[in-house]
1. Take the conditions closer than 30 Å to LEU422 by Cβ, more than 32 Å from the chain's Cα centre (by Cα) and exposed (fewer than 12 other Cβ atoms within 10 Å of the Cβ) and apply them to PRO342. Does it pass?
2. Restricting to the stretch 92-118, name every residue that is surrounded by fewer than 18 Cβ atoms within 10 Å (Cβ to Cβ) and either among the aromatic types (Phe, Trp, Tyr) or at negative phi (or both).
3. What is the one condition in (1) without any contact (Cβ under 8 Å) to a residue 60 or more places away in the chain; (2) out of contact with any strand residue (DSSP E or B) (no Cβ under 6 Å at 6 or more places or on another chain); (3) exposed (fewer than 14 other Cβ atoms within 10 Å of the Cβ) that VAL442 does not satisfy?
4. Being in the same structural domain as ASP32 (by TED's automatic domain parsing) and in a helix (DSSP H, G or I): is that true of VAL322 here?
5. Filter the strands (runs of 3 or more DSSP E) completely within the stretch 360-422 down to those with at least 3 residues that are touching an Asp or Glu at 6+ places or on another chain (Cβ under 9 Å) and closer than 29 Å to ASP443 by Cβ.
6. Can you name the number of the only condition in (1) in contact with a strand residue (DSSP E or B) (Cβ under 6 Å, 6 or more places away or on another chain); (2) over 30 Å from ARG448 (Cβ atoms) that TYR401 fails?
7. Kindly provide the set of residues from the stretch 212-240 that are in a loop (DSSP other than H, G, I, E, B) and either surrounded by 24 or more Cβ atoms within 10 Å (Cβ to Cβ) or not basic (Lys, Arg) (or both), ordered by number.
8. Filter the stretch 13-62 down to the residues that are in a strand (DSSP E or B) and of a type in the set (D, E, K, R), then identify the one that is farthest from ASP227 (Cα to Cα).
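The values are calculated or read from the model by the stated rules, or taken from the named source; none is laboratory data. The structure presented is a predicted model; accordingly, all values stated were derived computationally and were not measured. Reconstructed Cβ throughout: ideal geometry from the backbone, glycine too, with neighbour counts over all protein chains shown.
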Amino acid sequence: MLPSTELLLLRRIATEQATGRAPSLAAAVVRDGAIAWSGARGYVGATAPDTTTQYRIGSITKSLVAAVVLRLRDEGKLDLNDPLDKHVPGTSFGGTTIAQLLAHTSGLTSESPGAWWERTPGGNWTELSSSLTVDEVKHRPGRRFHYSNVGYGTLGELVARLRGTSWFDALRTEVLLPLGMTNTTEQPRGRHALGYAVHPFADVMLPEPAHDAGAMAPAGQLWSCLDDLAKWTAFVGGRTGDVLHPDTVAEMREVVTIDAGDTWNAGYGLGLQLIRTNGKRLAGHTGSMPGFLACSLIDPATQTGAVAFANSTAGVGVVSVVADLISMADDCEPALPAEWRPANIDRSLLELTGLWHWGPSPCHLRVLANGWLDLSPVSGAGRASRFRPLGDDRWLGLDGYFAGETLTVGRTADGTPGHLNLATFIFTRTPYDPTAPVPGGVDEAGWRA
């Protein structure tokens, strides 16, 4: 990036490391699927951390586990509306759905019963499951957002049972290795930061423990580095390789629940946190474990993302750092729009394009470069949607009011498109065309003064 931009980015993390008193802070800006800038302050051992230095990433682990669950869904091995009992029978919360566990709306307790799991050695699934009595269901499933680490321990068991291997082996085989994330591990490997708590009233540090979390590991076990998390950040933005279809990752980014009162600035999708800040809507996840803070976010609209790590229990605003790095990069060096080029589309689609009317309201139907359709009010306000082909003159709505609804082309006797039927709404070439099947018919006297 430009030297002036790099100085601005470096100053942001330098200020955070100094004011937050972090033993070390490492960060990177991600663009076009790769690191565009990285920087670090503080030390890991005798030198500053680099893009291969491992930090514990905490709950970012959850979004990786969620990707495996969505792979299982896409393969037809589960439905997101399946109750847990169908795949992991015998729990006290077997009626909660897979989707509710993914989105933290299951109502389950936030932490596992007993000693705080993040600072003590973890047990196995049998021990965890037996501790989760009916009293550990704190809210009616689906009622509200209630962050649950236990829910992701349960999803890890779900993955293990359906794959016939450990949750991490499934994750490594299906997600990490295909994305080239070879330095993301269960335990630290090679050069890694040690976790510390910094005294609130003195410049001294205390080492934090880092136990194996056992059955709770899918909630926050993993270690990773900037190089690997940059690839994951790009994945969340839609550069999914062969791991998941981009439509599935877009589904993960959809808002399922919010956690911010009347005007939401924080929400959750299917394994992904959603944050609205600096005029942007970001997707990704934060992470914290004793001694570590982490954050990975991306703006899917601009494809600019950022990652930040600190080896401190508290005091460092990694979320604000990441959000600021994204905004600074986009403000100082906005990405250029892709060059326009003619599209190789099916020319038979051209007869569908142009002006259509829903009653007296005019709309434009356009063919997109990927062969999808876009139907939008001429005024720019109102119900608009994109549609992808289903075949046989049928199209599936993808956005807004018409998401999931079917648009069907009605043709005249000579095969010309005569009307569009969109979820019973009839669109015609002229307002209330009497030759089309307009619901309720058209007054025979026609338009009048």
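1. On the way: closer than 30 Å to LEU422 by Cβ: yes; more than 32 Å from the chain's Cα centre (by Cα): no; exposed (fewer than 12 other Cβ atoms within 10 Å of the Cβ): yes.
Taking the combined requirement at face value, the residue does not satisfy it.
2. Step one: list which residues in the stretch 92-118 are surrounded by fewer than 18 Cβ atoms within 10 Å (Cβ to Cβ), which gives 92, 94-95, 110-111, 113-116.
SER92, GLY94, GLY95, SER110, GLU111, PRO113, ALA115, TRP116 - these are the residues of the stretch 92-118 that are surrounded by fewer than 18 Cβ atoms within 10 Å (Cβ to Cβ) and either among the aromatic types (Phe, Trp, Tyr) or at negative phi (or both).
3. Going through (1) without any contact (Cβ under 8 Å) to a residue 60 or more places away in the chain; (2) out of contact with any strand residue (DSSP E or B) (no Cβ under 6 Å at 6 or more places or on another chain); (3) exposed (fewer than 14 other Cβ atoms within 10 Å of the Cβ) one by one, VAL442 breaks only (3).
4. Details: in the same structural domain as ASP32 (by TED's automatic domain parsing): yes; in a helix (DSSP H, G or I): yes.
Criteria met by VAL322.
5. Values: elements: 361-367, 373-377, 385-391, 394-397, 406-411, 417-422.
Once the strands (runs of 3 or more DSSP E) in the stretch 360-422 are filtered for at least 3 residues that are touching an Asp or Glu at 6+ places or on another chain (Cβ under 9 Å) and closer than 29 Å to ASP443 by Cβ, what remains is 406-411, 417-422.
6. (1)
7. As a first pass, look at the stretch 212-240 and keep what is in a loop (DSSP other than H, G, I, E, B): 212-213, 220-222, 225, 237-240.
ASP212, ALA213, GLY220, GLN221, LEU222, CYS225, GLY237, GLY238, THR240 - these are the residues of the stretch 212-240 that are in a loop (DSSP other than H, G, I, E, B) and either surrounded by 24 or more Cβ atoms within 10 Å (Cβ to Cβ) or not basic (Lys, Arg) (or both).
8. Within the stretch 13-62, the first condition is being in a strand (DSSP E or B), and the residues that meet it are 24-31, 34-42, 44, 47, 54-56.
Among the residues that remain, those that are also of a type in the set (D, E, K, R) are: 31, 41, 56.
On the way: ARG31: 13, ARG41: 17, ARG56: 14 Å.
Taking the candidates together, the pick is ARG41.
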